[in-house]
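To start, the structure itself, in structure tokens.
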Amino acid sequence: MKTPINTEQQTTLKADLDARRISWEAKAPEAIKTIYQEGVLAVEQGGTTRKALQPGHKAIDFILSNANGNTVHLYEVLKQGPVVLTWYRGGWCPYCNITLRHLQQHLPDFKKAGANLIALTPELPDNSLSTQEKNQLQFEVLSDINNEVARKYGIVFKLTDEVADTYRQSFSLEAYNGNDNNELPLAATYVIDREGIIRYAFLDAEYRNRAEPGDILDVLKALK
């Protein structure tokens, strides 16, 4: 009989994100790494994380559509229980796809805690549907066109020209989002209680850092 291998650390979100980062940094040109580091620093210096809605603030209501054209009303969903509200940058972002898969794995735990999970993205509906299908997501993925809701939550920032140029050489952000404003949301995550109050906020200028599902679950359990 083979001895079971302890893979718990290897399968945490942080471990998978770190592995992706290490792999990328081993191959990426120094100039590109510098451009991305300066891009993160620009977001930090711009104060986006400080200006965003924080724990204790009232969550802003919204009505958005999913890829099938069905509308989702945040305050109506809150009547069912707490909401985990998370943003991802797009299906082109490998760190986002890793995060979405981990959230899907923990979806039964969130539901057991009485919560619904909603993901928002600036991607056009056709692109968000592709992301949803690719990652086999069973929670709502809503298109926040032009980052209208993200802007109300204070989490929108503009890419530096250098980062935008680097992206342009690899893929078309304009095709994904349907605009050329080079704006993205932070990869933010909120836990909102039934009264609409934000109880937890993950806000980080470093897009390769994400809210750990276990931390989200701890907050949800504490709400009961």
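The values are calculated or read from the model by the stated rules, or taken from the named source; none is laboratory data. Model, not experiment: these values are computed from the prediction. Methodologically, a virtual Cβ is constructed for each residue, glycine included, from the backbone with ideal geometry; neighbour enumeration extends over all protein chains shown.
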>> Looking at region 81-99 only, could you name the residues that are part of a helix (DSSP H, G or I) and either of a type outside the set (A, V, I, L, M, F, W, C) or modelled with pLDDT under 95 (or both)?
In response: Pro94, Tyr95, Asn97, Thr99
> Which one of the conditions (1) outside any loop (DSSP other than H, G, I, E, B); (2) surrounded by 17 or more Cβ atoms within 10 Å (Cβ to Cβ) does Tyr207 fail to meet, given that it meets all the rest?
Replying inline: (1)
> Among all residue pairs at least 6 apart or on different chains, which show Cβ distances below 8 Å where the first residue, located in region 187-212, is at positive phi and the second is part of a loop (DSSP other than H, G, I, E, B)?
Replying inline: Gly196/Ala59; Gly196/Asp61
>> Any residue that is loosely packed, with under 15 Cβ neighbours inside 10 Å and modelled with pLDDT under 95 - is there at least one of those in region 10-29?
In response: yes
> For residues in region 213-224 being touching a residue at least 60 places away in the same chain (Cβ under 8 Å) and not hydrophobic (A, V, I, L, M, F, W, C), which is nearest to Gly46 (Cα to Cα)?
Replying inline: Pro213
> For region 107-128, how many residues are part of a loop (DSSP other than H, G, I, E, B) and under 15 Å from the mean Cα position of the chain (by Cα)?
Replying inline: 2
> Is it the case that Gln54 is in a helix (DSSP H, G or I), out of contact with any Phe, Trp or Tyr (no Cβ under 7 Å at 6 or more places or on another chain) and either under 23 Å from Pro122 (Cα atoms) or of a type in the set (Gly, Ala, Ser) (or both)?
Replying inline: no
>> Is it the case, given these coordinates, that Glu162 is surrounded by 15 or more Cβ atoms within 10 Å (Cβ to Cβ) and either touching a helix residue (DSSP H, G or I) at 6+ places or on another chain (Cβ under 7 Å) or part of a helix (DSSP H, G or I) (or both)?
In response: yes
>> Quick test for you: out of Leu74, Leu78, Leu85, Leu100, pick the one residue that is surrounded by 18 or more Cβ atoms within 10 Å (Cβ to Cβ) and touching an Asp or Glu at 6+ places or on another chain (Cβ under 6 Å).
In response: Leu74
>> Condition first: charged (D, E, K, R), under 29 Å from Gly69 (Cβ atoms) and modelled with pLDDT of 95 or more. Can you find one or more residues in region 134-145 that meet it?
In response: yes
>> Go through region 165-182 and report how many residues are surrounded by fewer than 18 Cβ atoms within 10 Å (Cβ to Cβ), polar (S, T, N, Q) and not in a helix (DSSP H, G or I).
In response: 3
>> So in region 129-141, with the set limited to residues that are in a loop (DSSP other than H, G, I, E, B) and over 25 Å from Ile198 (Cβ atoms), which one is farthest from the chain's Cα centre (by Cα)?
In response: Gln136
> Applying the selection to region 142-159, what residues are hydrophobic (A, V, I, L, M, F, W, C) and either surrounded by fewer than 18 Cβ atoms within 10 Å (Cβ to Cβ) or assigned to a helix (DSSP H, G or I) (or both)?
Replying inline: Ile145, Val149, Ala150
>> Restricting to region 148-173, count the residues that are over 19 Å from the mean Cα position of the chain (by Cα) and not β-branched (Val, Ile, Thr).
In response: 9
